[in-house]
Amino acid sequence: MKQTVIFVDDEEELRHATSQTLMLADIPAVVLDKAELALAQISRGFEGVLVTDIRMPDHDGLWLMRKVLELDPEFPVILITGHGDVNLAVQSMREGAYDFIEKPFAPSRLVSTIHRALEKRRLTIENRALKREVGGRDKLEARLIGRSDAMVALRKQIRTIAATDADVLITGATGVGKDMTAHALHDLSARGPHPFVHINCAALPVDLVESELFGHEAGAFPGAMRARFGKFEFARKGTVFLDEIDSLPVSVQAKLLHAIQARQITRLGANDPVDLDIRIVAAAKTDLSEAVAAGQFRADLLYRLNVVTLHVPTLDQRRDDIPSLFLNLAAQAAARYSKPAPDVPADVLARMATQNWPGNVRELRNAADRFVLGLDPTVTTATETETQSLAQKMADHERALIMATLTAQGGSLKQTYEALGLSRKALYEKMQKYGLSKADADQSG
């Protein structure tokens, strides 16, 4: 039963009068004369409230209240008291009663108290559902946020290959989160407790690439005063993430290929090879097949790296994820800047969802930072494609606004159609038209 009041009193006249009052107030009610009957209908998941007289034969209202609070300490119990029971009612408030009403009471007082108790119960139930959902999401879903088909498929691939030692190539445009994907893959694997070594190949000094990757012995080259481990050795039992591997000089690619194939490296200035126990994850922002065709990347290295390929989608390919992703990034920004958690209006979320983001998640994160700091979160570099018709632009905007409002309202359909000024039926029809569901509102909290 949804938002139902259970009313318990041994006086038939009061039960009848209260039943009429609640019916006129459009509040569903179950009217009972015994505490035991009420207790049998209440559970931790019951979405209504309890109103009970204190003085009753056999088991009284205080007995019923205590039994109910044993089932759920947050359950709203409203006590009805006689004049001589006020002190007892006050004591019961200390034990967990929600409120008490003294006889004789005005019907309006009873109705207003019940409405407040029902609202409290609704929030309690919704908060528990949210905590269950957030708690039920594993670390992967909490890190790689999104319910679009592309993100669901990406997480499924990661779960499938994480337990293996297969080398992985991650592809995707700038700013989509390739490094986050690599971290997630590492954390989910058995290598998670061991080092994750991030190597930005584009930032390596050309004349020191080999030393940085493989290490060197003392005197191997001018300035090498003492032996030094390379990043590959430092990552023992862990993961080496070769970011922007398409920037690596061709001259170094052959030695990298040998290290990956043989799982061995030889430090500069040494003769003895060093065995490696590592997993290789590489990322590229360009199409490596085209780089191979242009002679800028070794084909054999590409074939060795892409045992498994993960593609991280752009924001344009998962627009439905933008509202929940922006909320999450704004919460992170608030924590970084020691600001209160932001209240993001639905129209701002809708603007985020309809805007183009050439910098992808990285650019969206900057927008979230500006929003938290009190600046305009929009950017001027993104515009709607002029090739779209007016009808398509309006449809895209309406879809984004519905999705943003649904996200802002925590997935509540009632609050969503009220905020949009729609009827329940109209909202359902539009959600069906645009392929949206309540589950699409990611509870990112």
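Just so it is clear, none of the values below were taken in a lab; they were calculated from the coordinates. Just so you know, these numbers come straight off a predicted model, no measurement behind them. Reconstructed Cβ throughout: ideal geometry from the backbone, glycine too, with neighbour counts over all protein chains shown.
Brief remarks follow.
- Calculated from backbone phi, Karplus (6.51, -1.76, 1.60) coupling profile of the stretch 174-189 in Hz, x at Gly/Pro: 4, x, 7, x, 5, 5, 5, 5, 5, 4, 4, 4, 5, 4, 7, 8
- Average Cα contact separation per residue, the chain, under 8 Å, 6 or more apart, as relative contact order %: 12
- Here the Karplus relation 6.51 cos²θ - 1.76 cosθ + 1.60, evaluated at θ = phi - 60°, turns the backbone of the stretch 208-222 into coupling constants of 10, 4, 4, 4, 5, 7, 10, x, 8, 8, 4, x, 5, 7, x Hz, with x for every Gly and Pro.
- Using 0.36 nm per residue and subtracting the Cα-Cα separation, the extra length available between ALA218 and ASP58 on full extension is 48.6 nm.
- Counting beta carbons within 10 Å around each of ASP300, ASP85, ASP207 and listing the fewest first gives the order ASP207, ASP300, ASP85.
- Sequence ranges 325-332, 116-123, 337-344, ranked by mean other-Cβ count within 10 angstrom, highest first: 325-332, 116-123, 337-344
- Database remark: amide H of VAL30 closer than 5 angstrom to the amide H of VAL5, ILE6, PHE7 (H placed geometrically; neighbours at sequence offset of 5 or more, or on other chains; Pro and chain starts carry no H).
- Separation of the stretch 1-40 and the stretch 227-300, taken as the distance between their Cα centroids, equals 74 angstrom.
- Extension gain (nm, one decimal) between LEU375 and MET93, 0.36 nm per residue minus Cα-Cα: 96.9 nm
- Treating r as the C-beta distance of ARG128 and GLU12 and R0 as 51 Å, the FRET efficiency rounds to 0.90.
- Distant-in-sequence amide H partners of ALA227 (H built 1.01 Å from N, under 5 Å): ALA218
- For the stretch 261-269, Karplus couplings with θ = phi - 60° (6.51, -1.76, 1.60), whole Hz, Gly/Pro x: 5, 8, 6, 9, 9, 10, 4, 4, x
- Theoretical ellipticity at 222 nm over the chain - DSSP helices of four or more residues, -39500 (n - 2.57) apiece, nearest 500: -14000 deg cm²/dmol
- Debye intensity ratio in log₁₀ form over the Cα atoms of the chain, taken at each q of 0.06, 0.07 Å⁻¹: -0.44, -0.56
- Efficiency of FRET from Cβ geometry, THR160 and TYR434, R₀ 25 Å, rounded to 0.05: 0.25
- The overall shape of the stretch 5-136, judged from the alpha-carbon gyration tensor, is prolate: a/c is not under 1.5, and a/b is greater than b/c.
- Sites SER112 and MET23 - FRET efficiency at Förster radius 25 Å, r taken between beta-carbons, to 0.05: 0.95
- Taking Lys and Arg as +1 and Asp and Glu as -1, the other residues whose beta-carbon sits under 13 Å from that of SER289 total -2.
- Exposure proxy ranking, count of Cβ atoms within 10 Å, fewest first, for THR174, THR266: THR174, THR266
- For the stretch 140-311, the C-alpha radius of gyration sits at 1.05 times the compact-globule guess of 2.2 N^0.38 Å, with N the residue count.
- Cα gyration tensor, the stretch 1-55 - rounded (a/c under 1.5), prolate or oblate: oblate
- Restraint check, LYS156/LYS231; LYS139/LYS231; LYS156/LYS178; LYS139/LYS178; LYS34/LYS67; LYS156/LYS414, Cα-Cα greater than 22 Å: LYS156/LYS231; LYS139/LYS231; LYS156/LYS414
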